[in-house]
Amino acid sequence: MDDCIFCKIIKGEIPSKKVYEDEEMIVIHDVAPGAPCHVLLLPKKHMQNIVTADMEIVKHVMSKVGEIAKIMGVDESGFRVVINTGVDGGQSVEHLHFHLLGGKMLGWPPC
Ligand code: AMP
């Protein structure tokens with residue numbers, strides 16, 4: 001997608017702080033972190049949201065969550081994975097992504 005900021009990051013056209021990459025996904029630091037650990041798991045394939053996503057890719061991303069949590073040092077202390085979806089869900093970038101947050105006691109519920 002030409003006008004998608006995450007597609008541009010994936011293509012290297014916009015700089016990012018990358019912590020992981022494989023054939024299906026990259027993981028970058030969120031530019032406006034909401035917690036000491038706040039990274040974004042981005043499928044390389046452009047998909048608008050979890051409703052319309054290719055579930056094989058979602059499965060792959062989910063299978064990497066524990067590994068990413070270890071890389072970020074939050075696998076033992078705990079963390080949260082969030083998929084904001086649509087207007088009410090607060091999704092601001094229409095390229096499916098998974099927030100992985102941790103490094104402090106997170107509040108709940110987030111509303
Ligand atoms: P959401 O609101 O769930 O769509 O999340 C989008 C996230 O992308 C927000 O947490 C933003 O801070 C983050 N974000 C936007 N632009 C960039 C960027 N260039 N690099 C890293 N994170 C970004």
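The values are calculated or read from the model by the stated rules, or taken from the named source; none is laboratory data. Please read these numbers as outputs of a predicted model, since none were measured by experiment. FYI the Cβ positions are ideal-geometry reconstructions off the backbone, even for glycines, and counts take in every protein chain you see. We work out accessible area using only protein heavy atoms, side chains counted, and drop any ligands, DNA or RNA first. Shrake-Rupley method; radii C 1.70, N 1.55, O 1.52, S 1.80 Å.
Things worth noting here:
- For V19, distant residues with modelled amide H under 5 Å away: V27, I28, H29
- C-alpha center-to-center spacing [region 26-65, region 74-111] in angstrom: 10
- Per-residue HN-Hα couplings for region 14-25 [Karplus 6.51, -1.76, 1.60; θ = phi - 60°; Hz; x = Gly/Pro]: 10, x, 8, 9, 8, 10, 6, 8, 9, 5, 9, 7
- Size of charge dipole - region 5-102 - debye, nearest 20, with Cβ of Lys, Arg +1 and Asp, Glu -1, no other charges: 180
- Helix-only [θ]222 nm of the chain, DSSP H runs n ≥ 4, -39500 (n - 2.57) each, per residue, nearest 500: -5500 deg cm²/dmol
- For region 5-102, the square roots of the Cα gyration tensor eigenvalues, ordered a ≥ b ≥ c, give a/c below 1.5, which places it in the rounded category.
- Solvent-accessible area of D75, all protein chains in place: 70 Å² (probe radius 1.4 Å, heavy atoms, ligands and nucleic acids excluded).
- Positive-pole candidate from I5, N84, V31, dipole of the chain, charges at beta carbon: V31
- Among M55, M47, M25, the residue with the largest mean-square fluctuation in a Gaussian network model of the chain, with springs joining Cα atoms closer than 10 Å, is M55.
- Isolated Cys residues of the chain, judged by Cβ distance under 4.7 Å to other cysteines: C37, C111
- V87 - accessible surface, heavy atoms, 1.4 Å probe, Å² rounded to 10: 140
- Derived scalar couplings between HN and Hα for region 104-111 equal 7, 6, 8, x, 8, x, x, 9 Hz in order, rounded to whole Hz, by the Karplus curve 6.51 cos²θ - 1.76 cosθ + 1.60 (θ = phi - 60°), x for Gly and Pro.
- Candidate lysines for bridging to K17, where Cα separation is under 22 Å - those fewer than 8 sequence places away on the same chain excluded: K8, K44, K45, K64, K70, K104
- K104 accessible area, assembled protein chains, probe 1.4 Å, Å²: 110
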